[in-house]
Amino acid sequence: MAIHERLSGNEAIALCLKQINPDVMCAFPITPSTEIPQYFSNYVSDGLVDTEFVAVESEHSAMSGCIGAEAAGARCVTATSSCGLALMWEMLYVAASMRLPITLACVNRALSGPININNDHSDSMGARDSGWIQIYAENNQEAYDHMCCAMRIGENPEVMLPVMICQDGFITSHAIENIELLEDDVVKKYVGEYKPEQYLLKHENPVAAGPYDIQPYYMEHKYQQAVAMKQSYDVIRKVFKEFGEISGRSYDLIEEYRMEDAETAIVIIGSSAGTAKAAIDEMRSEGRKAGLVKIRVFRPFPAEDIAKALSGCKAVAVMDKADSFNAQTGPVYAETCAALFGKENAPKMINYIYGLGGRDVSTGTIKEVFAALDEIVTTGVTGETYRHIGVRGL
Amino acid sequence: MNNMIEIRWHGRGGQGAKTAALLLADAAFVVGKYVQGFPEYGPERMGAPITAYNRISDERCSVHSNIYYPDYVAVVDESLLESVDVSKGLKEEGAIVINSCKEPEELRPMLKGYKGRIYTIDAAGISKAILGKSFPNTPMLAAMVKITGVIEEQAFIDQMQKSYEHKFAHKPQVIDGNMQVLRRSMEEVKG
C-alpha cells in the first residue's frame, strides 16, 4: 500500500536513503543539498540506520571516502551541489573508471561565478563526461523514485558505474509537495544487497584497485567503460519497468508529453518540464499542436528515443539550463542535434539557454518559446539557433 | 485547474513567513488537498524581505514557477508596504491580509490602486498578549485559513492541535497558548 505524504525533495531523498540503509555515507554540506546529509545524520544518531556516517572536510574527500569504501565492498552514498560537485571533479572520473557504483544525490545549483545559490544545471552538465549515469527528476516524487532505482542500475554486473540522481535546487529540493512512498521493506527488498564480484576485502581473491594504468591497457579499460555505458540503456529500462511493477509508476529514458501529433515541441530536463506541461495543456486547448520531450536519463544519452519522438515535428526548441560557452549551443542541444543528424525529415531546431542561476521559468516563458517555433513553421526561416530567454533587454 | 488557489506570502527574514507557508501546505495536505509550499531563496538575512508561496488544489499541479497572479496575499510585516509592491498581480476578486493594528481601509492608499478586499489582523498584538512575544506567523496562518476558506476551520484547528502535540512534545506548556492564538486570530481578523 502506498504511503501518502508531503515532503520536500531533500526530505524525500533522505527518507529513501534511510529505507535503503546504505553501508557508508561520506558528505560535506553545501546549499541546497545540505539537508540530505543533515536529515540522514539524524537517522544515524537515532539508530534508525546502521550506516557509517563520515563527516569529511571537503567534497573531494567525500568522493574519495566513497571510492575507498565502495572499493572495499561497501555500498556508498553522498550528496552535493554546485561547487561541491566541482571540487569532486577529479574523483568523479576515478569512481567511474574504477567501476564503483557509488550513488550521488545531486541537488542542481549554478556554478560560481558570479556566486549564486539557485538552480541551473551547470554543475551536473559540467560532469556529463565523467562517466557517471545521470538521471534527472521533475519533482519530489521522481527524485524519490529515481533514488529507489539508482543502485539496481549502477550495481548491475553489466553496468558497474556510479549514478547521479539529480533534482533542481530549491525548486524541488525545498518545495513541500504530495508524494507517494513505498514501505521500508518494499524498498529494501527492491534495492537488495550489494554483492560485488571483486572487492578489496575479499581475502580469498586479492585485487589491486585504482593502480597506474600503462599504455598497453589504458585504452582497453576506457573502452570497457564505454561498453558498460552502452549496456546501461537496457538495464535502466528493465529497472524502471520493475519499479513500475512495485510502485505503479513506470518510467523510461525519456518522457513524451502530448507528442502524438505534435508539430512543435520542446526538449527539456527537470522541474521546468512540469511548468511546460501546464503551458502545453493551455496551448492544446487553443488547438495548437504542441508537445514536450523530457529527458529523464541524460547519461547514457537516449539519442534513438529522442530522434524517434521528434520525427514528426516541424520545429523543435531544445532548452539548456547551462551554457557551454562554445558560442554555438548548450550541451543538450548539441547532443540532440547529433541524435537527429542524417535522419529524414528532421525538424528545424533552435536552442534556448534559460533559467540560469534561478531565473524563474513560468508558463509564459514556455509560451514565448512556442511562439518562436510557430514563427519558424510559418515563415520556414530558422534564423539564429543559439538564443537566450528570460534575459532583460532581449 | 479552476479550483486551484495560489497564495503569496511577504515577510521579513526571521518572522516565519516561510514556516507559515509550509504549515498551511501541511494542514491542507492533511485534509486531502494537493499542495505546494515553497520559499523564494535569495541572500537571506534577518529582516530582509522574503517571499514564500502556496498552491493548493484538488489535483496535482505540475507548475514549478513563482506565483505572479495570486488569489491571496499575506503580508506578515506592515513595514513592507513601503518597500515592496505586495499587491502586484493580485486578483481583484481575491484578498490581501496584512499584519496591522490599523483598519483595512487606512491601508488602501499604500496598495498602489488595488481595488479588492483588504483584511487586517493585529498579529503581533495577539501573539504578545497570549504568548508574551511577537510570533506573527501563527496569527497570520489562522487569518489566511479564515479568509481563503481553503480548509474548513474546525478541521484546521483539529489538525493544528495534533501538529503542535507532535512538534512541542518536549514542551507541552506552549501548546494551549498557540491554540488560543489561532482561535482568537480567526475571530479578530477584520475587513
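The values are calculated or read from the model by the stated rules, or taken from the named source; none is laboratory data. Computed from a prediction, not measured in an experiment: that's the story for all the values here. Positions of Cβ are backbone-derived with ideal geometry, glycine not excepted, and every protein chain shown enters the neighbour counts.
Being at negative phi and in a loop (DSSP other than H, G, I, E, B) is the filter; apply it to the stretch A:155-168 and report the residue that is farthest from the other protein chains (Cβ to nearest Cβ).
A:P157
Going through A:Y212, A:Y194 one at a time, which residue ends up being in a loop (DSSP other than H, G, I, E, B) and more than 27 Å from the chain's Cα centre (by Cα)?
Checking each option against the conditions leaves just A:Y212.
Taking the options A:C149, A:C66, A:C83, name whichever one is buried (at least 23 other Cβ atoms within 10 Å of the Cβ) and at pLDDT 95 or above.
None of the other options fit; the residue is A:C66.
Looking at (1) over 23 Å from B:H64 (Cα atoms); (2) without any contact (Cβ under 8 Å) to a residue 12 or more places away in the chain, which is the one condition that is false for A:S250?
For A:S250, the failing item is (1).
In the stretch A:1-20, which residues are out of contact with any strand residue (DSSP E or B) (no Cβ under 9 Å at 6 or more places or on another chain) and either among the charged types (D, E, K, R) or closer than 23 Å to A:H174 by Cα (or both)? Walk me through it before giving the result.
First, pick out the residues of the stretch A:1-20 that are out of contact with any strand residue (DSSP E or B) (no Cβ under 9 Å at 6 or more places or on another chain): A:1, A:18.
The one that is out of contact with any strand residue (DSSP E or B) (no Cβ under 9 Å at 6 or more places or on another chain) and either among the charged types (D, E, K, R) or closer than 23 Å to A:H174 by Cα (or both): A:K18.
Are any residues in the stretch B:131-176 crowded, with 22+ Cβ neighbours inside 10 Å, touching a strand residue (DSSP E or B) at 6+ places or on another chain (Cβ under 7 Å) and part of a helix (DSSP H, G or I), and if so, which ones?
If the condition is that a residue be crowded, with 22+ Cβ neighbours inside 10 Å, touching a strand residue (DSSP E or B) at 6+ places or on another chain (Cβ under 7 Å) and part of a helix (DSSP H, G or I), then B:P139, B:M140, B:A143, B:M144 are the ones that fit.
Determine which single condition A:M164 fails, assuming it passes every other condition in (1) touching a residue at least 24 places away in the same chain (Cβ under 8 Å); (2) more than 27 Å from A:S64 (Cβ to Cβ).
Every condition holds for A:M164 apart from (2).
Go through (1) more than 22 Å from A:Y354 (Cα to Cα); (2) of a type in the set (A, V, I, L, M, F, W, C); (3) in the same structural domain as A:K367 (by TED's automatic domain parsing) one by one and return the number of the condition A:A226 breaks.
(3)
Taking the condition part of a helix (DSSP H, G or I), away from every other protein chain (no Cβ under 14 Å) and under 18 Å from the mean Cα position of the chain (by Cα), does A:I246 pass?
no
Considering each of A:I133, A:I171, A:I176 in turn, give the residue that is within 14 Å of chain B (Cβ to nearest Cβ), under 22 Å from A:G270 (Cβ atoms) and in contact with a Lys or Arg (Cβ under 6 Å, 6 or more places away or on another chain).
Selected residue: A:I176, the only one of A:I133, A:I171, A:I176 that is within 14 Å of chain B (Cβ to nearest Cβ), under 22 Å from A:G270 (Cβ atoms) and in contact with a Lys or Arg (Cβ under 6 Å, 6 or more places away or on another chain).
Check A:V207, A:V227, A:V191, A:V187 and return the single one that is in contact with a strand residue (DSSP E or B) (Cβ under 9 Å, 6 or more places away or on another chain) and away from chain B (no Cβ under 14 Å). Can you show your working first?
Details: A:V207 fails: in contact with a strand residue (DSSP E or B) (Cβ under 9 Å, 6 or more places away or on another chain); A:V227 fails: in contact with a strand residue (DSSP E or B) (Cβ under 9 Å, 6 or more places away or on another chain); A:V191 fails: in contact with a strand residue (DSSP E or B) (Cβ under 9 Å, 6 or more places away or on another chain).
Exactly one of A:V207, A:V227, A:V191, A:V187 is in contact with a strand residue (DSSP E or B) (Cβ under 9 Å, 6 or more places away or on another chain) and away from chain B (no Cβ under 14 Å), namely A:V187.
Just to be sure, is B:S79 modelled with pLDDT of 95 or more and more than 14 Å from every other protein chain (Cβ to nearest Cβ)?
In short, yes.
Regarding A:A322, is this residue in contact (Cβ under 8 Å) with a residue 24 or more places away in the chain and over 22 Å from A:N119 (Cβ atoms)?
no
Looking at the stretch A:12-34 only, could you name the residues that are assigned to a helix (DSSP H, G or I) and within 25 Å of A:S64 (Cα to Cα)? Let's see the steps before the verdict.
Of the residues in the stretch A:12-34, the ones assigned to a helix (DSSP H, G or I) are A:12-20.
A:I13, A:A14, A:L15, A:C16, A:L17, A:K18, A:Q19, A:I20, listed by residue number.
So, in the stretch B:1-58, of the ones that are at the interface with chain A (Cβ under 10 Å from one of its Cβ atoms) and of a type in the set (F, W, Y), which residue ends up surrounded by the most Cβ atoms within 10 Å (Cβ to Cβ)?
The extreme case among them is B:F38.
Yes/no per residue for (1) farther than 14 Å from A:R299 by Cα; (2) surrounded by fewer than 24 Cβ atoms within 10 Å (Cβ to Cβ); (3) in the same structural domain as A:Y199 (by TED's automatic domain parsing); (4) of a type in the set (G, A, S):
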position: A:I102; (1), (2), (3), (4): yes, no, yes, no
position: A:A105; (1), (2), (3), (4): yes, no, yes, yes
position: A:N108; (1), (2), (3), (4): yes, no, yes, no
position: A:S112; (1), (2), (3), (4): yes, yes, yes, yes
position: A:I117; (1), (2), (3), (4): yes, yes, yes, no
position: A:D120; (1), (2), (3), (4): yes, no, yes, no
position: A:M125; (1), (2), (3), (4): no, yes, yes, no
position: A:I135; (1), (2), (3), (4): no, no, yes, no
position: A:N140; (1), (2), (3), (4): yes, no, yes, no
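A:T80 - would you say it is touching a residue at least 40 places away in the same chain (Cβ under 8 Å) and within 14 Å of another protein chain (Cβ to nearest Cβ)?
Judged against the criteria, A:T80 is not a match.
Tell me the residue from A:I306, A:I295, A:I353 that is over 16 Å from A:S124 (Cα atoms) and either crowded, with 23+ Cβ neighbours inside 10 Å or under 20 Å from the mean Cα position of the chain (by Cα) (or both), please. Working first, answer last.
Working: A:I295 fails: over 16 Å from A:S124 (Cα atoms); A:I353 fails: over 16 Å from A:S124 (Cα atoms).
When all the criteria are applied, what remains is A:I306.
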